[in-house]
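The values are calculated or read from the model by the stated rules, or taken from the named source; none is laboratory data. In this text the structure is predicted, and so the values were computed from the model without any measurement. Positions of Cβ are generated from backbone atoms using ideal geometry, with glycine treated the same way; all protein chains shown enter the neighbour counts.
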Ligand code: NAD
Ligand code: MG
């Protein structure tokens with residue numbers, strides 16, 4: 001039996017993870033469920049998976065959760081809250097696998113400490129590597145642990161890299177759907193609404209990542225993550241727009257052969273791969289149907305209409321805390337866009353200006369990363385007004 005702590009159980013990745021676990025209850029047991037504030041869904045998850053511990057964002061939410069569980073007649077697990085609670089369940093000796101699927105830097109410290117405790121990390125949370133890639137990868141090397149990526153592109157790359165030796169690899173290619181505005185002109189981008197931006201053509205995800213997909217910031221984050229995970233220079237990670245999202249990643253080898261990873265656009269595929277690696281288990285979702293005609297398209301990304309992708313390449317090449325600032329500024333700008341305070345292209349303008357204003361440093365600890373994150377947010381908030 002593998003024991004699992006699930007950071008972010010009520011989110012899009014969290015609920016898909018529990019669906020994979022639900023089908024493999026003879027293999028996995030849930031030690032801890034960690035959520036933010038969606039107590040009703042968490043109560044249902046506790047009823048079904050009987051974790052030893054449940055963690056929520058604040059002590060007040062903890063009290064509310066206890067009342068809801070008692071009212072529903074559900075046996076109370078141990079309850080905890082906040083950063084200390086998250087840290088404890090990510091590093092507990094009982095735990096073998098930590099699924100890191102909280103959104104934002106709230107998931108960073110627990111994931112970092114879990115690495116240091118040699119847990120197997122299934123990594124969905126982008127901010128872990130975007131904000132703190134060097135520290136986290138150094139910790140992985142020191143502890144001798146590998147993070148298995150859950151993000152579909154990196155999960156695909158992880159699979160493609162099993163086809164040869166790392167020193168035979170020349171290039172990594174990440175695919176991007178292009179989002180809802182692939183064909184929208186620069187002028188029309190000024191007028192797009194929140195509802196249009198939230199309407200992703202191929203994936204159903206949380207709000208932040210859905211907007212980041214529409215701006216291609218998400219692909220920029222993925223370039224940064226790929227550089228850290230697989231030790232690539234930014235120039236050796238290429239992005240290609242592939243609207244069908246069937247190919248998730250490709251790896252080019254020195255003889256010119258390209259290995260691509262193809263699967264259904266359903267996050268339960270990479271989640272199961274990460275949880276059962278190095279074993280492949282029966283498909284958790286319907287397989288692709290090759291008897292039907294289909295077309296796959298490819299085109300280069302337009303860095304003029306989607307400048308956040310360019311900023312991500314530049315931030316990764318700059319090193320230090322630039323990518324931490326990039327992420328923090330983007331989160332603030334996306335919130336402002338969702339609240340109707342700035343336009344869609346305004347997101348890139350806020351991020352670009354924040355990067356110019358916040359000095360680049362080399363953080364030596366997670367606390368310093370979180371400090372830079374806070375300072376960057378403040379600068380970005382002042383810009384959105
Ligand atoms: P989501 O918004 O649906 O869920 C986020 C989860 O984090 C929720 O369970 C929420 O309760 C929890 N959370 C938020 N703040 C918290 C806090 N302070 N303390 C404790 N828990 C907190 O997001 P998602 O789409 O599931 O994405 C999760 C992460 O995975 C993100 O970093 C995202 O970029 C990444 N990711 C998601 C997908 C996808 O398909 N959804 C794909 C690749 C990567
Ligand atoms: Mg992705």
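Before moving on, here are some points about what is shown:
- A Cβ distance below 8 Å, combined with a sequence gap of six or more or placement on separate chains, defines the contacts here; from region 133-153, residues that are closer than 15 Å to residue 223 by Cβ reach residues that are part of a helix (DSSP H, G or I) and away from ligand 2 (no atom under 16 Å from the Cβ) in the pairs 133/323.
- Residues that are without any contact (Cβ under 8 Å) to a residue 40 or more places away in the chain and within 20 Å of residue 204 (Cα to Cα) were ranked within region 267-298; the one that is surrounded by the most Cβ atoms within 10 Å (Cβ to Cβ) is 285.
- Region 62-88: number of residues that are assigned to a helix (DSSP H, G or I) and within 11 Å of ligand 1 (Cβ to nearest atom): 4
- Per-region count, region 1-29, residues buried (at least 24 other Cβ atoms within 10 Å of the Cβ) and within 16 Å of residue 120 (Cα to Cα): 5
- Residue that is in contact (Cβ under 8 Å) with a residue 12 or more places away in the chain and surrounded by fewer than 22 Cβ atoms within 10 Å (Cβ to Cβ), where the choices are 318, 333: 318
- Residues of region 128-148 satisfying the condition of being within 16 Å of ligand 2 (Cβ to nearest atom) and either modelled with pLDDT under 95 or over 26 Å from residue 332 (Cβ atoms) (or both): 147, 148
- Screening the candidates 66, 122 for the property of being touching a strand residue (DSSP E or B) at 6+ places or on another chain (Cβ under 8 Å) and within 16 Å of residue 8 (Cβ to Cβ) yields one hit, 122.
- Single residue of region 140-180 satisfying the filter (part of a strand (DSSP E or B) and farther than 30 Å from residue 204 by Cα) that is farthest from ligand 1 (Cβ to nearest atom): 170
- Residue 191 being surrounded by fewer than 18 Cβ atoms within 10 Å (Cβ to Cβ) and either within 16 Å of ligand 2 (Cβ to nearest atom) or over 16 Å from the mean Cα position of the chain (by Cα) (or both): yes
- Condition met for residue 258 (away from ligand 1 (no atom under 16 Å from the Cβ) and over 30 Å from residue 341 (Cβ atoms)): yes
- Members of region 10-30 found to be under 21 Å from residue 66 (Cα atoms) and touching a helix residue (DSSP H, G or I) at 6+ places or on another chain (Cβ under 7 Å), listed by number: 10, 30
- Inside region 15-26, residues that are part of a helix (DSSP H, G or I) and either modelled with pLDDT under 95 or more than 16 Å from ligand 2 (Cβ to nearest atom) (or both) make up a count of 6.
- Single residue of region 300-309 satisfying the filter (touching a residue at least 40 places away in the same chain (Cβ under 8 Å) and within 24 Å of the chain's Cα centre (by Cα)) that is nearest to residue 225 (Cα to Cα): 309
- Residue ID - farthest from residue 81 (Cα to Cα), chosen from residues in region 38-61 that are within 22 Å of the chain's Cα centre (by Cα) and assigned to a loop (DSSP other than H, G, I, E, B): 38
- Contacts under 7 angstrom Cβ, first residue in region 214-228 being not assigned by TED's automatic domain parsing to the domain that holds residue 251, partner within 9 Å of ligand 2 (Cβ to nearest atom) and assigned to a helix (DSSP H, G or I), 6 or more apart: none
- Failed item, numbered, when residue 85 is tested on (1) more than 16 Å from ligand 2 (Cβ to nearest atom); (2) surrounded by 24 or more Cβ atoms within 10 Å (Cβ to Cβ); (3) under 24 Å from residue 29 (Cα atoms); (4) touching a residue at least 40 places away in the same chain (Cβ under 8 Å): (2)
- Any chance residue 309 is touching a helix residue (DSSP H, G or I) at 6+ places or on another chain (Cβ under 7 Å), surrounded by 15 or more Cβ atoms within 10 Å (Cβ to Cβ) and not assigned by TED's automatic domain parsing to the domain that holds residue 375: yes
- Within region 27-37, considering residues that are within 18 Å of residue 104 (Cα to Cα) and part of a strand (DSSP E or B), the one farthest from ligand 2 (Cβ to nearest atom): 33
- If you go through region 181-213 and pick out every residue that is assigned to a helix (DSSP H, G or I) and either within 14 Å of ligand 1 (Cβ to nearest atom) or assigned by TED's automatic domain parsing to the domain that holds residue 101 (or both), you end up with 7.
- The condition of being assigned by TED's automatic domain parsing to the domain that holds residue 121, farther than 26 Å from residue 210 by Cβ and without any contact (Cβ under 8 Å) to a residue 60 or more places away in the chain holds for only one of 69, 18, 61, that being 69.
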